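So the structure is just underneath, and the comments pick up after that.
Read-outs: derived from the displayed coordinates by stated rules, not from any lab. All of these numbers come straight from a predicted model, not from anything done at the bench. Don't worry about glycine lacking a Cβ; one is built from the backbone with ideal geometry, like all the others, and counts go over all protein chains shown.
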Amino acid sequence: MKRLEMELSKIVAISVSMDLSNNQFSGKIPEDVGQLISLQMLNFSHNNFTGPIPTSFGNLVALESLDLSSNKLSGRIPSQMTKLTFLEVLNLSNNKLVGPIPHGDQFDTFDNDSYNGNLRLCGLPLSKQCFNHGVAESPSPLVVEYDGSEIPFFWQAVMMGYGSGVVLGLSLGYILFTNRRPWWFVRKVVRDWQYNFTRWVQRNRIRRN
């Protein structure tokens, strides 16, 4: 100010309009912006801001217009922004935002133009649907990493068992056929072998758990 470097020690909370568009600002948007609770218009468009949209924007309850377009913002749109019940204009286009668009109150009134250029956003009003986005998938109880292998141990054992069973069955069948033995004996031997193998697999699963 007046060619003097001064430290801003207090945020002026009575400002109603802030337009810092078309500059070369970079880095993250400060969380402290959320303390400007009297803001009605905020325009940070056409800069190089990165990182997520601050969750503190949910405190700007008087905000009527928000333009963060043409930056490099990433992450999700904070759900806290659904508290902005006076918001009439929203422009988040041309960023790198991801995930589902929040719903509720004013967010249900915005159209596609508010989100254009964010290829990884999903949900209404966009035509791109969200499929379990961000939901961590719990591992199957039958999946056990064994010696660095990603193939479930249980299915390894099953595949080995059934493969061995087929070989054993064919071998016994050939021997008994050539000696004219009854087939009921073949079925009994194979059935008993499969029963013992299944019990062995179950015991090994209990030990590993």
For N118, other-chain or 5+-apart residues with amide H closer than 5 Å (H placed, Pro excluded) are N94, N95
Two-decimal ratio, region 17-122, of alpha-carbon radius of gyration to 2.2 N^0.38 Å:
0.95
Pairwise label distance in nanometres, T109 with S21, each label 7 Å out on the Cα-Cβ vector:
2.0
Explain nothing, just compute: Karplus ³J(HN,Hα) = 6.51 cos²θ - 1.76 cosθ + 1.60, θ = phi - 60°, for every residue of region 102-119 in order, whole Hz, x for Gly and Pro.
x, 10, x, 6, 5, 5, 7, 9, 8, 9, 4, 4, 6, 10, 4, x, 10, 5
Explain nothing, just compute: Karplus ³J(HN,Hα) = 6.51 cos²θ - 1.76 cosθ + 1.60, θ = phi - 60°, for every residue of region 38-54 in order, whole Hz, x for Gly and Pro.
8, 4, 10, 9, 9, 10, 10, 6, 6, 10, 10, 5, 10, x, x, 6, x
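Treat the count of other C-beta atoms within 10 Å as a stand-in for reagent exposure and order F131, F86 from fewest to most. Don't skip to the end; give the middle numbers.
Values: F131 7, F86 13.
With the fewest neighbours first, F131, F86 line up as F131, F86.
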In terms of modelled amide H atoms, which long-range or inter-chain residues lie less than 5 Å from the amide H of L73?
K96
Please list 118-127, 16-25, 34-43 highest first by mean number of surrounding beta-carbon atoms within 10 Å per residue.
34-43, 118-127, 16-25
Applied in sequence order to region 55-61, the curve 6.51 cos²θ - 1.76 cosθ + 1.60 (Karplus, θ = phi - 60°) yields integer Hz couplings, x standing for Gly and Pro, of 5, 5, 4, x, 7, 7, 5
